[in-house]
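A short write-up of the structure that comes next.
What follows is calculated from the coordinates using simple rules that are stated; it is not laboratory data. From a predicted model like this one, the values you see are computed outputs, not experimental measurements. Here Cβ is always computed from backbone atoms with ideal geometry, including for glycine, and neighbour counts include all displayed protein chains.
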Amino acid sequence: MRWPLLLLALVSGCAEPQREPIQSGGIVSTNPCADAMLVDLAPERIRAISRYSQDPTASSLPLDVARRFSTTAGTAEEVIALHPALVVTSSFTPIATQAAYRRAGLPVLTLDSPRSVAASEAQIRTLAEAVGEPQRGRAMVARIDAALAAVPRRTPAIDALLFLGGSLANGPGNLLDELMRRVGFANAAQHYGLTYSTSVTMETIVAAPPALLLEPGPTRGGMLRGKVLARMGAATRLAAIPRALLNCGGPSIVPVITRLVAIRRTFG
């Protein structure tokens with residue numbers, strides 16, 4: 001946190017005045033999923049994005065794109081000092097922080113984590129309207145709809161378990177689960193009795209191996225799972241999907257669908 005800058009911005013009567021006034025206006029996002037939408041919807045109006053968008057494990061943006069923008073940690077002091085015309089937060093932002101934004105007179109838009117394609121598209125429209133770019137929002141939704149419409153119907157469904165990182169597997173009833181089903185995969189998490197995303201042990205997988213393990217890139221956990229299943233004689237295949245595509249909905253839906261369709265095609 002840049003305390004000297006914050007003190008200059010917030011405390012009057014300092015002995016040394018601030019030399020470069022902070023630019024007012026623009027959009028400040030503390031929501032990394034909103035960042036990915038904003039770079040398409042209103043890149044010229046972005047004042048700052050979330051620092052998470054410059055973290056390879058949390059970003060949904062290519063790092064070279066994310067690094068074009070200033071970042072914020074999302075503290076009330078830091079965001080208020082930027083004097084934005086709009087703050088885009090997430091449902092994980094502390095209520096006290098959101099209240100501080102509003103007390104400072106900042107318009108705030110809070111976006112949650114969409115659990116379906118329909119909810120994600122509704123969120124795109126909401127954000128597009130808020131930043132005055134409804135046409136760009138409609139274009140983003142149209143790209144998603146076109147990608148989904150082009151998905152070939154494939155039966156029967158192939159059991160697949162999607163890992164988000166380490167031993168954390170994606171559970172049922174969320175956006176990634178819906179995308180898997182749309183391309184012809186059945187979420188093996190349900191077969192293991194999971195009702196939400198949680199850790200899955202190697203013993204559980206070995207006892208009932210799925211046809212496919214989807215891994216977030218080459219990871220030590222994925223390689224270990226593959227070796228153990230191979231020694232057990234399981235016919236389970238492994239396939240990688242970029243970690244950056246698993247963090248958010250919105251524009252990430254198109255490359256996720258494209259990758260899943262390519263993997264599903266290998267099963268015939």
Between the residues 120, 61, 146, the Cα farthest towards the positive end of the dipole of the chain, that dipole coming from +1 and -1 charges on the beta-carbon of Lys, Arg, Asp and Glu, is from 146
Can you list residues whose amide H is under 5 Å from residue 169's amide H, if they're 5+ apart or on another chain and H is modeled 1.01 Å from N?
164, 198, 199, 200
About its Cα centre, the chain carries a charge dipole, from +1 on Lys and Arg Cβ atoms and -1 on Asp and Glu Cβ atoms, whose size in debye to the nearest 20 is 780
Against the longest principal axis of the chain, how steep is helix 32-41, in degrees 0 to 90 to the nearest 10, with axes from Cα atoms?
80
Set Lys and Arg Cβ to +1 and Asp and Glu Cβ to -1, take the dipole of the chain about its Cα centre, and tell me which of 191, 33, 134 lies farthest positive.
191
Give the angle, between 0 and 90 degrees and rounded to the nearest 10, that separates the Cα long axis of helix 220-231 from the longest principal axis of the Cα atoms of the chain.
0
Candidates 120, 199, 252: whichever shows maximal mean-square fluctuation once the chain is modelled as a Gaussian network with Cα springs under 10 Å:
199
How tilted is helix 117-130 with respect to the longest principal axis of the chain? Cα atoms for both, answer in degrees (0 to 90, nearest 10).
10
For segment 158-265, averaging the sequence separation of alpha carbon pairs under 8 Å that lie six or more residues apart and dividing by its residue count, the contact order in percent is 29
For segment 158-265, what is one quarter of the convex hull surface built on the Cα atoms, given in nm²?
5.9
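So what is the calculated 222 nm ellipticity per residue for the chain, using -39500 (n - 2.57) for each DSSP H run with n of 4 or more, over all residues, to the nearest 500 deg cm²/dmol? Don't jump to the answer; show the numbers that get you there.
Numbers: 12 runs with 110 residues, N = 268.
The helix-only estimate for the chain comes to -11500 deg cm²/dmol at 222 nm.
Give me the percent of DSSP beta bridges within segment 158-265 that run antiparallel, rounded to the nearest 5.
Around 30 percent of the beta bridges assigned by DSSP in segment 158-265 are antiparallel ones.
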FRET efficiency for residue 55 and residue 267 from the Cβ-Cβ distance with R0 = 30 Å, rounded to 0.05, comes out at 0.35
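Rounding to the nearest 20 debye, state how big the charge dipole of segment 21-146 is about its Cα centre with +1 on each Lys and Arg Cβ and -1 on each Asp and Glu Cβ. Present the calculation step by step, with values, prior to reporting the outcome.
Details: 12 positive and 12 negative charges, 28 e Å.
Value, rounded to 20: 140 debye.
Mind putting a number on the dipole of segment 113-212 about its Cα centre? Charges go on the C-beta only, +1 for Lys and Arg and -1 for Asp and Glu, and I need it in Debye to the nearest 20. Walk me through the numbers before you get to the answer.
Working: 9 positive and 8 negative charges, 63 e Å.
Roughly 300 debye for segment 113-212.
If you wrap a convex hull around the Cα atoms of the chain, how much volume per residue is inside, in Å³? Can you show the working numbers first?
Values: hull volume 36.1 nm³, N = 268.
It is 135 Å³ per residue.
Arrange 92, 267, 163 by Cβ neighbour counts within 10 Å, fewest through most, would you? Can you show the working numbers first?
Numbers: 92 11, 267 14, 163 23.
Fewest to most other Cβ atoms nearby, the residues stand as 92, 267, 163.
Please give the direction-averaged projected area of the C-alpha convex hull for segment 102-231, in square nanometres with one decimal. Could the numbers behind the result be given before it?
Values: hull surface 43.6 nm².
In nm², the orientation-averaged hull projection of segment 102-231 is 10.9.
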For the chain, what's the relative contact order in percent, using C-alpha pairs closer than 8 Å and at least 6 residues apart?
17
